[in-house]
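The values are calculated or read from the model by the stated rules, or taken from the named source; none is laboratory data. Please read these numbers as outputs of a predicted model, since none were measured by experiment. With ideal geometry, Cβ positions are generated from the backbone for all residues, glycine too; neighbour counts draw on all protein chains shown.
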2 protein chains.
Amino acid sequence: MAAAQGSFKFNILARDQAGKARVGEFITPHGPVPTPAFMPVGTRGSVKAMGPDDLGRVGASIVLANTYHLLARPGPDLIAKLGGLHAFMAWPGAVLTDSGGFQIFSLKDLRRLDEEGVTFRSPVDGSEIFLSPEKAVAVQEALAPDIMMCLDECTPYPADREQTARSAVLTLRWAKRCLEAQNPEASPALFGIVQGGMYPDLRRRSAEEIGALPFPGIAVGGLALGEPLSVRLEMIEAATEVLSPDRPLYLMGLGAPEDLVESMARGGDLFDCVLPTRNARNGQFFTRSGRLVIKNAAYREDHRPVDEACGCYTCRTFSRAYLRHLYLSGELLAYRLNTIHNLYYYLSLMAEARTAVLENRFSEFVSRFYAERDDGQASADMRPE
Amino acid sequence: MAAAQGSFKFNILARDQAGKARVGEFITPHGPVPTPAFMPVGTRGSVKAMGPDDLGRVGASIVLANTYHLLARPGPDLIAKLGGLHAFMAWPGAVLTDSGGFQIFSLKDLRRLDEEGVTFRSPVDGSEIFLSPEKAVAVQEALAPDIMMCLDECTPYPADREQTARSAVLTLRWAKRCLEAQNPEASPALFGIVQGGMYPDLRRRSAEEIGALPFPGIAVGGLALGEPLSVRLEMIEAATEVLSPDRPLYLMGLGAPEDLVESMARGGDLFDCVLPTRNARNGQFFTRSGRLVIKNAAYREDHRPVDEACGCYTCRTFSRAYLRHLYLSGELLAYRLNTIHNLYYYLSLMAEARTAVLENRFSEFVSRFYAERDDGQASADMRPE
C-alpha cells in the first residue's frame, strides 16, 4: 500500500467502502502531508499576500511553486545558493514544483516546440529560454522541492484527436527522458503526467503508458481548461480505470470546491488551483452556501462575518461591511484577509473529507456539501495566475 | 501631573533629569498608551498591508485614522452604525483621528475657505464636501476614537508672515468653536492644534492662545512640510517655551527617526508619520545603521536579514535576497513584510527611549542613536499617504 522514491513515501491509511475516496499521507523531508491535500499556489515563491505564518494558520501542509516563473526570476541558481525553495520562502512544510509546461503552452509565450524541447519568452525580460525534459529536471532539482513534475506538452482545449494523440506520445517520450535525467542523489520525488485531452481512449492509453513507468506518483494534466465538469470527470475516470491505486493521484489545476469533492470521490489525492487565491483578490469569497461577492451593496452595513460558521481569522474578526470597505478602497489588507478566508475554506473542506473517509461516511459528506449550497454554481475559470 | 478630560487621562511617570524628555501614559477607554508613542497611520481605517494581528505583534498601542478619507468613504454614519472605528477596524487598542484639515489644505482639493469652514472635493467621487469646526467634531464623535483633533488651517510652507498670522488666528477661532461644539456625553478627548508657520514669535503666540484653552492635550501642526530639521526643532522649542508641560504634546506628521529622537528630547509625547509604512511599500527599510534600499543589486544573494539585531518577524524569518525578489516581482507579501519591519523599528525606538528616560540616560540613548548610523541622512519627504 505504499509508493516510494528516495525519502518520499505515500501511505494509504483508509478507503471509503462505497467508492474510490481514500485518506493517506505523503512522507516528505518536510513533514507529512495528509491527503487528500490541496496546494495553495505560490507562483513566484510566495502564495500571494500570504506569509508562511498565515499559511500555517489556514492549515496548509504543502504549497505549489511555478518553475516557469522562478526560472525567469530569480533563477534556480540563486535559489539553490540560498538553500533551495524551502529556505528561500521560509516555508517549513512541503513544496511541489510544476515543470513549467502548463505555463509555456497556455501563456502564449511559446516560440518553438520540437522533439528536443521548447523555447519561450521570459515573462520578465522577453529573452529566449529553452526548456527540455532534462533541463526541467535539473532546474527543479536546483529548486529542491519535495515533489517535482515531468515536462509535458499540455494539450490545448479544444484540440482534435490527431493533435491530442501526437501530444500524448511526445509527453510519454519526455517522461522517459525526465526519469533518465533524474539525479539519484537529489531528493525530489518525480511524478509523471497523463495527457490525452478530452478523448477517453487516449486518456486510458496515456495512463497505461505513463503508469507503466516507475514514478512514485501520477498526475493527470490538461484538465480544467474550460471543459464541462462532466467531461473532466469522465477523463479522470478513464485514467483511473487503468492506473494502479497504490500511487498518489494528482489532479493538476483542480479546482472549484465541487471539482475537489467529485475528484476525491474518484480517487484524487492531490490538487492545486488559483481559484481560492485569485478570487479572493477579486473580492469573491467561497463559503458553504456558495460564493459571496463582497462589493455587493447588500453588504454595506452588514455586521456579520463572511461565513458565520467559519473559524478563520478573517471571519472571527471582521464584518462584511469592513471587508467591503477595504475592497472598495483598494486597501492592501483586503488581499490578505480575503485569501486567508478562501484558503481556510478550501483546506477545511479537505480536512472534513479526510475525516469523512476515516469515518466511512464520504457519500454523506458529498450529499451535505451539495445540500448546504444556495445555488448550482458550477466550476468557473481556473487558469493559472 | 495629570491632564484629563472625561475618560482620557495623561500621567507623567518620569522625566529625564538632563532635558525635557519624559515618560508617561495615556489612559484611554481602549487601554493605556505608553508615551512617547508613535502612531502608525491607518488612513482609510487600515494601516496599509497590516492586520490588527500584525499591529499587535509590532507593538502598536495607538493608531491614527484620517477623518478626510473616512468622511468620503465609507462615511461616519456607517462607521457609527457598526459601533465606531475600533469595532469597524477590529482594533482593540487606542485610536486618534485627525480632523481632516491637513489633507484638505495639502491635497489641493480645496474649493472654498471662509470663516465658516472649508469646502473640498471628495477624493472618492469628486462631489463637494463641507467641513466646519462643528462638523469636524460631529464627524469625529461619530467615528468615536479615543482622541480627536480640532479643525485647523494648516499653513502651507513656505508662507509669508501675514498669511501665517491670519491662518493662526483663524485656527484659534476654530479651536474655540470645536470646544463649544463638543458633545459632553461623547467620549473622545479633544486636542487643540498650534500653528504659526516658521515664525517663532507666531508659534509662541499661537501656543499661548491655544494653550490657554481647556484642551487635555496640545498638538503642534504645520510641521514636516519640507522645512529643514533645524527650523522644525526651533518651532517646537518656541511652542514648548510657553506651553504647560503637564499636558501631552503631539507633534503632528513627525517623522523620520531623527525627528522622533530630537523631538522627544524637546518634550514630544506623541507622533505620527507615513514614512515607515510608505517607505516600506517603496522597498526602503529603516535600520539602526540607516536606510536600506532592498532593490539594490548588492542584496541579490544576501542571505542575511535586513537588520541582524532586529527581533521583528520579517528579520527573524526572511533573507534580504528573498525580500528583494518579492519586491522586484511586485508580490503583495512584500508590502506586509516590509511594513512589519519598519513599524517594529519605529516602535522599538520609542520603547528604547522610554526605558532610557526611566533609567535617566536619555542623552546617552541619543548619542548611541547617532553613533550607530552609517550615514548622515536627514529627514526626507513626510507628506501624508
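Of the helices (runs of 4 or more DSSP H) lying entirely inside the range B:318-385, those carrying at least 3 residues that are surrounded by fewer than 20 Cβ atoms within 10 Å (Cβ to Cβ) and modelled with pLDDT of 95 or more are B:332-358, B:362-371.
Candidates are the residues of the range B:59-73 that are in contact with a helix residue (DSSP H, G or I) (Cβ under 8 Å, 6 or more places away or on another chain) and surrounded by fewer than 24 Cβ atoms within 10 Å (Cβ to Cβ); the one that is nearest to the other protein chains (Cβ to nearest Cβ) is B:R73.
Within the range B:248-259, can one find any residue that is outside the structural domain of B:S289 (by TED's automatic domain parsing), within 22 Å of B:Q103 (Cβ to Cβ), in a helix (DSSP H, G or I) and touching a residue at least 60 places away in the same chain (Cβ under 8 Å)? Yes. Looking at this structure, is A:V47 more than 23 Å from A:T240 (Cα to Cα) and in contact with a Cys (Cβ under 8 Å, 6 or more places away or on another chain)? Considered against the rule, which asks whether it is more than 23 Å from A:T240 (Cα to Cα) and in contact with a Cys (Cβ under 8 Å, 6 or more places away or on another chain), A:V47 comes out as no. Scanning the range B:124-161 for residues that are crowded, with 16+ Cβ neighbours inside 10 Å and part of a strand (DSSP E or B), we see that the one that is modelled with the lowest pLDDT is B:I129. Among the residues of the range A:322-352, those identified as away from chain B (no Cβ under 12 Å) and closer than 19 Å to A:P305 by Cα are A:H341, A:N342, A:L343, A:Y344, A:Y345, A:Y346, A:L347, A:S348, A:L349.
Please go through (1) assigned to a loop (DSSP other than H, G, I, E, B); (2) within 14 Å of another protein chain (Cβ to nearest Cβ); (3) in contact with a Gly (Cβ under 8 Å, 6 or more places away or on another chain); (4) not hydroxyl-bearing (S, T, Y) for A:P305 and return the number of the only condition it doesn't satisfy. It is condition (3) that A:P305 fails. For B:G100, the test of being buried (at least 16 other Cβ atoms within 10 Å of the Cβ), free of Cβ contacts under 8 Å to residues at least 60 places away in the same chain and not basic (K, R) is passed. Among the residues of the range B:286-302, those identified as closer than 25 Å to B:S348 by Cα and away from chain A (no Cβ under 14 Å) are B:F286, B:T287, B:R288, B:S289, B:G290, B:R291, B:L292, B:V293.
Within the range A:37-55, can you find the residues that are within 11 Å of chain B (Cβ to nearest Cβ) and in contact (Cβ under 8 Å) with a residue 24 or more places away in the chain? Within the range A:37-55, A:G42, A:T43, A:R44, A:G45, A:S46, A:V47, A:K48, A:A49, A:M50, A:P52, A:D54, A:L55 qualify. Looking at the structure I just gave you, is A:R205 assigned by TED's automatic domain parsing to the domain that holds A:I147, more than 21 Å from the chain's Cα centre (by Cα) and either surrounded by fewer than 16 Cβ atoms within 10 Å (Cβ to Cβ) or of a type in the set (G, A, S) (or both)? Answer is no for this residue. Put simply, of B:R177, B:R112, B:R121, B:R166 the only residue that is closer than 24 Å to B:L233 by Cα and among the basic types (K, R) is B:R166.
You will find that of B:A87, B:A14, B:A80, the residue that is more than 10 Å from chain A (Cβ to nearest Cβ), of a type in the set (A, V, I, L, M), surrounded by fewer than 24 Cβ atoms within 10 Å (Cβ to Cβ) and more than 27 Å from B:T240 (Cβ to Cβ) is B:A80 and no other. Take the conditions (1) in contact with an Asp or Glu (Cβ under 6 Å, 6 or more places away or on another chain); (2) over 27 Å from A:E352 (Cβ atoms); (3) in a helix (DSSP H, G or I); A:C178 misses just one of them, which is (1). Is it the case that B:D302 is at pLDDT below 95 and either surrounded by fewer than 19 Cβ atoms within 10 Å (Cβ to Cβ) or within 30 Å of B:G100 (Cβ to Cβ) (or both)? When the stated conditions are applied, B:D302 does not pass them.
Per-residue answers, yes or no, for (1) in contact with a helix residue (DSSP H, G or I) (Cβ under 9 Å, 6 or more places away or on another chain); (2) of a type in the set (S, T, N, Q); (3) closer than 20 Å to B:A94 by Cβ:
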site	(1), (2), (3)
B:T277	yes, yes, yes
B:T287	yes, yes, no
B:R300	yes, no, no
B:H303	yes, no, no
